[in-house]
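Taken together, the values in this text are just the output of simple stated rules run on the coordinates, not laboratory data. Predicted model only: the values in this text are computed from it and were never measured. Cβ coordinates were reconstructed from backbone atoms using ideal geometry, including for glycine residues, and neighbour counts include every protein chain displayed.
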Amino acid sequence: MAAGKSSSASKEDQYAALRELYRPHIDSFDYFIDEGLDKMLQSIRPVEITKGHLFPPKRDGRLDAPLYPQQCRQARTTYHGEFKVDTFIQCNDGPAVRQTFNFGYLPIMLMSKLCHLRGADSEKLIFHGEEATEMGGYFICGGMERLVRILILQKRNYPMGLIRGSFVNRGAGYTDKAVIIRCVQDDQSSVTIKLYYLLNGSARLGFWLGGREFLLPVGIVLKALIDTSDREIFTSLTCCYSDHYERGKGVVSTQLIGERAQIILDEVRDLSLFTRTECLLHLGKYFRSVMEGFEKDDFETVAEAVLKDYIFVHLQNNHDKFNLLIFMLQKLYAIVDQTASPDKADALQYQEVLLPGHLITVFLKDRLQDWLRKSKRLIVEEATKNKSFDLNDSQEVRKFLSKTSAYVGKAIQSMIKVGKVNSQSGLDLPQRDGMTIHAERLNFHRYISHFRSWGFLCPVHTPDGEPCGLLNHMTSTCRISSFYNSEGATKDFQKIKMSLIARLVGAGMAQLLPRIERTGPPEVLHVHVDGCIVGSIASAKIEEVIPEDLEVGYVPLSHGGAYPGLYLFTNPARFLRPVRSLLGLSNGGPNIELIGPFEQAFMEIRCPDGGDGGRNKLFPATHEEIHPTAILSVVANLTPWSDHNQSPRNMYQCQMAKQTMGFCGQALKFRTDVKAFHLQTPQTPIVRTATYSKYCMDEFPSGTNAIVAVLSYTGYDMEDAMILNKSAVDRGMFRGHIFQTECIDLSAKSRDNVTEFFCKSNLSRDTTAAIESDGLPRIGENIFPNEQYYSVCNNLTGTVRPIKLKGSEPAAIDYVAVNGTNFKDRLQKANIRLRRVRNPIIGDKFSSRHGQKGVCSQLWPDIDMPFSANTGMRPDLIINPHAFPSRMTIAMLLESIAAKAGSLKGKFIDATPFASSVKERSNSIVDELGPMLASYGFNYHGTEILYSGVFGTEMKCEIFLGPVYYQRLRHMVSDKFQVRTTGRIDQITRQPIGGRKYGGGIRFGEMERDALLAHGASYLLHDRLHSCSDYHIADVCSICGSLLTATVIKSESQKKAKRDMLGLPTVKPPKNFACQACKTSKGMETVAMPYVFRYLASELAAMNIKLELRLSNRTEHPTTTSEES
Amino acid sequence: MERAAGGVSYQRFPRVRIRELKDDYAKFELRDTDASMANALRRVMIAEVPTVAIDLVEIEVNSSVLNDEFIAHRLGLIPLTSAAAMAMRFSRDCDACDGDGSCEYCSVEFHLAARATDSDQTLEVTSNDLRSTDPKVCPVDQARAYQHALGGTEPFDTAAAADQRGILIVKLRRGQELRLRAIARKGIGKDHAKWSPAATVTFMYEPEIRINEELMETLTLEEKRNLVESSPTKVFNIDPNTQQVVVEDAEAYTYDDEVIKKADAMGKPGLIEINAKEDSFIFTVETTGAITAYELIMNAITVLRQKLDAVRLQDDDADLGELGAHLVGG
């Protein structure tokens, strides 16, 4: 415990690998703080903004008292900081007034630059009630830990050719082909531009504005961008075609391009638009009504604004935009002519990610614009209503501006809390809800997986069922490019771009500003840097210029393949992963290079298994994978020898690892999770992968090394059931607890506006000993169901209302915390944590690490378990051998042998998958482990001879016995069992109610009824559907057949009462019912029926339909015997 | 005894030969009986020989990192010296009290009070901190230390006595405190494993190994060596003088059939024949330290006897006494 400085430093390094996993989240939020905020504010028109300030979280009231995350969790509040913006307000040409607006509070990501815990060491973290390994990356909203999902988006600034049926629906003449580019500005907001191909050979440029798509003839846009001539457009477009090329390698255009260029130009001419000014006027006329804030500007200004804000927003220069549009047209035609293949939108190659910081930047911008819009409307309304309103009075204006400003912070908070992006424009995002999720700390596997959703993706770690393949997890080595370089400094993209271009020019690239060169593939290739065409390079020269430090997508010349070019990407939010470069470097040694999915598709990467991966000698490998496990996510990497398992089993294990009941956290004492599962005696696995120690999984172990015997014993292990050793359970195996925190906030849920507070009743008989004088329970007290555990006093009446424990399980009070005193120093807000003991019982679920789950079917005592004659060992757990042949989880058998050898040797066994493919020469694992076992006097194959515990006789077969790491899953019978004999019934139908919570029954439905009918089990059927349900004896008048007209005759009942009083034997009273319709009791009979039938009769009566019963065997039975069923 | 079926008496007189007897370990042979008898003895030793263990814990203060249930469970598993357990009463049928643990016939009270004062050292609360009200019943390592202090003979394995740190219950950080009252009661392993006095009780059939010497002569030395090495345990050896395969330690044989399989693979079936003697067993007994191995065996025989008596007396409808509890408890 008394750790020196040096050991704590090494501990930090130990967590470095773990920290890397959370990087994308935190880096992106840091970007938001450092840069995104300012850039975004600057891009908002028309307010001039100097600086936005975001403050670190502070406690209410007290200045400079920092607010720590733990306090937020405890008090169910939000970890947020104040958000202020300095602005200049100018009215017409009046003086500019500097003002600061308060936009409420923005949630702060934990461990970001504004978090108080940034850079804190383990000791400081523990001091503040956090885990020693706390990595942050999430927000705390209302006490809940929420994190922003990483979503897949289309790769930014890359023109993608697509064929999609829905494009035809854009209008008459549209085809299914288009080139789409998602342009991303500096402030991370994006506008998608679509270039549709028309049947007549022309193209339309489409983008979304104000909730609808605008489609412009491409010629107008071309002409509006720069001063140009028809000839120039024509030559630019047709430059990539030359007569002497046949349809050879790398030829992307056909002679049709000339005709199409003509059509595009004709379209513009038909509109009699010739000059740039004319085009701009045309556009401005069209857009002035929809562009906000430009109502009074002239058409040209509007058109310029449209071009700036909506057309290729990632580029500032109109020449660049023109060049890109020409390039996109060329690509579009190549796809139409099938000289280039369309891109696949679903391939990772064309995708990037949406990071939390970027999402917040974009959403905040949208909200601020919304604020301006709203304020404007308010001011305009006021100005029309109130003649004396002076726009030059900055104070007045300020009043209106600040009216809705606090909603900005609230909107961001609610976005993180609920995950819904409420915006009119949709922000160019693929989805509007489900942006955030709750970071569950059920166990570490589950927790860590939250942060790695979507990635350079793991093929194993995905759910089976509906979201299979849609919900993915990043591989353990995958990173996301960010705004920060490895030293933590902000990247200057402008600088990077300039130096890149300089290097490219040095390598032989011809710069082509301002105009696109008059030629194209296959002679030269266009060079794109982040979606900007910077030049062209002779296709023969290209092989020499590839630098190592950025994503270089070199799409080579091919016949009918992807549209060629050299695409360079430096932008953030790209996937990256490290591989080893085999190309000789200046320093000689092999080095690690970060590659992206776009370039990966055109790279030759070798797996270090010695094979050539099917590539021939023409394409020698230039790179090598660092280790084959790089394809697996963190959780998938923890399965030992997963390369020996059938693949779906590894998938199941990834699911189950996330459901295990393990160590959810070491700071459990300070946690306020609604439900936390905790294993009392976890162990570290004997057989483990390299990843296990790399990510410090020992801090959060999730299972126990159980001695497992694979044998069919007593039949209680059939069908995936398993027998546990009761004595082992007695000694603590798989024991666990559930911690439930109740947050009681009396100020929030005041009844009828009467405040309540915690208080103990003065009358001693009203309360139990568990409640202390403040009305809260005593820590350590055991509370049984329906016992009081806290009491609440009504401020108005002064009555004390005790609250009883719900459910059917006893609980211990683990912890009570009081949060603030709002109401006259009375307690109103408290957290009560209950602890429930969950020892293994029949029906609890367990699983190994190989997708082999099972339910405990018996707890046999030690003496009944089979035992080994030599060692005296009794297994902790018995599973059935039938679990193996069809599931083929060989690794579980290997684990058993390996763990046995490992425990004899006293060493952990490394079970990293694919290890054999990396080693030079390797035997099979069994050949390594077998001799080790034999040297300790055990069977080579891990089997043993066992004796029956019941009979003491030797069992005539060898039994596979060894330690296997077993996990206890969180599904427990105590939470799920549902049983009832009698109980609550429905008020109307008198049938049993449903629902486990209310002690209801399980529906015995139509199909169940059919089954019983088919079996002829009519007595059981009658019992289920009648006797145990809504059995009812109704009085029916056999004369009129009515079910509803029976009324009690009073005198009869009085007589009965008299007999009761006299103590006379109660004979069956004569008919004490009479039919109200027939005015006689003569025909009254009692009939047993389901109560719903009577209900039906009354419902029908309400509709004026009389239901008449005819009692048949009346004549056979004398009327006195009235019971019939 | 006159009731033996058909007038023929199947009564046998089992023989016991003790090979090794230490305080917590015993090895003995049981002959002239069958598996049912041997297994009954094993089962009784594990599950029905009574000991004393902490059963009821009243926690006064617990500010340690472990919760109350966890500490109570750990306390229960500490082996207590239970030599007197046979003479004690089960608290459920104790007349002196209603089983509330307040009488000396059925229960022993323990106290534990520990508080880590302000030093940076973590305080380890161990079984040595448990204070018993009855000197006869205390944690086993306390008893060991006591014996040691008296200068008497070391009751248990001497190697273990080197570190008398006791059994760790919980570690306390500065300012944390643990104070509790615990009541130990008599019980049997069938109810809860904490009352089981046996760490391991196992028996094996005595193997009978016959080597076909004629066939063995046909093997080369190399083959013989392979044969000997095919068994993972050292059952056979080669006599360095005669170079014959001899049985070195028959009891090391685990009935794994490895040698027989090897012989078959060599094309010499019947080279070695191994049979289990159906009527002789070799027992290995290890105790938790609550009682000595000798006591464990003797008490087990007593309990087994009582159980058999109960069966015999069932017809006579006699008073079963304490035995009834055993039968009902089972």
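Classify chain B as rounded, prolate or oblate from the Cα gyration tensor: take a ≥ b ≥ c as the square roots of its eigenvalues, call it rounded if a/c is under 1.5, otherwise prolate when a/b beats b/c and oblate if not.
Here chain B falls in the oblate category.
Work through the residues other than A:G165 whose Cβ is under 13 Å from its Cβ and net out their charges, Lys, Arg +1 and Asp, Glu -1.
After counting each charged neighbour, the total is +2.
Ordered by residue, what ³J(HN,Hα) values in Hz, to whole numbers, does segment B:185-191 give under the Karplus form 6.51 cos²θ - 1.76 cosθ + 1.60, where θ = phi - 60° and Gly and Pro are x?
Couplings: 10, 7, x, 10, x, 5, 6 Hz.
Near the amide H of A:F103, under 5 Å away, which other amide H atoms are found, from residues 5 or more places off or on another chain, if H is placed in the peptide plane?
So A:F103 has HN proximity to A:F83, A:K84, A:V85.
Just in segment B:214-319: which trypsin sites (Lys or Arg not before Pro) are loop by DSSP and have at most 16 other Cβ atoms within 10 Å?
B:K234
Under a Cβ-Cβ cut-off of 12 Å, what is the net charge of the residues other than A:T175 that fall near it, where Lys and Arg count +1 and Asp and Glu count -1?
Neighbour charge sum, excluding A:T175 itself: +3.
Nearest 5 is fine: what % of DSSP beta bridges in segment A:866-1008 come out antiparallel, could you say?
That works out to approximately 90 percent antiparallel.
Please list the non-local residues whose amide H lies under 5 Å from the amide H of B:T126, H modeled 1.01 Å from N, same-chain partners needing a gap of 5 or more.
B:I169
What residues qualify as long-range amide H neighbours of A:I803, i.e. H under 5 Å apart, gap of 5 or more or another chain, H built at 1.01 Å from N?
Counting only residues 5 or more places away or on other chains, the set is A:Y789, A:Y790, A:S791, A:V792.
If neighbour count is taken as other Cβ atoms inside 10 Å, put A:E787, A:E352, A:E213 in order from fewest to most.
Sorted ascending by nearby Cβ count, the order is A:E213, A:E787, A:E352.
Is there a pair in A:K726/A:K806; A:K417/A:K669; A:K669/A:K726; A:K956/B:K27; A:K155/A:K331 whose C-alpha atoms are over 28 Å apart, and which pairs would that be?
Where the Cα-Cα span goes over 28 Å, the pairs concerned are A:K726/A:K806; A:K669/A:K726.
Fewest to most neighbouring Cβ within 10 Å: what's the order for A:V792, A:V221?
By the 10 Å Cβ count, ascending: A:V792, A:V221.
At a 10 Å Cβ-Cβ cut-off, how would you order B:T220, B:T302, fewest neighbours first?
Ascending number of Cβ neighbours within 10 Å: B:T220, B:T302.
How big is segment B:213-270 in terms of Cα radius of gyration and Dmax, in angstroms?
My reading of the Cα-based Rg and Dmax gives 10.7, 29 Å.
Could you give the radius of gyration (one decimal) and Dmax (whole number) of the Cα atoms in segment A:155-354, in Å?
16.7, 55
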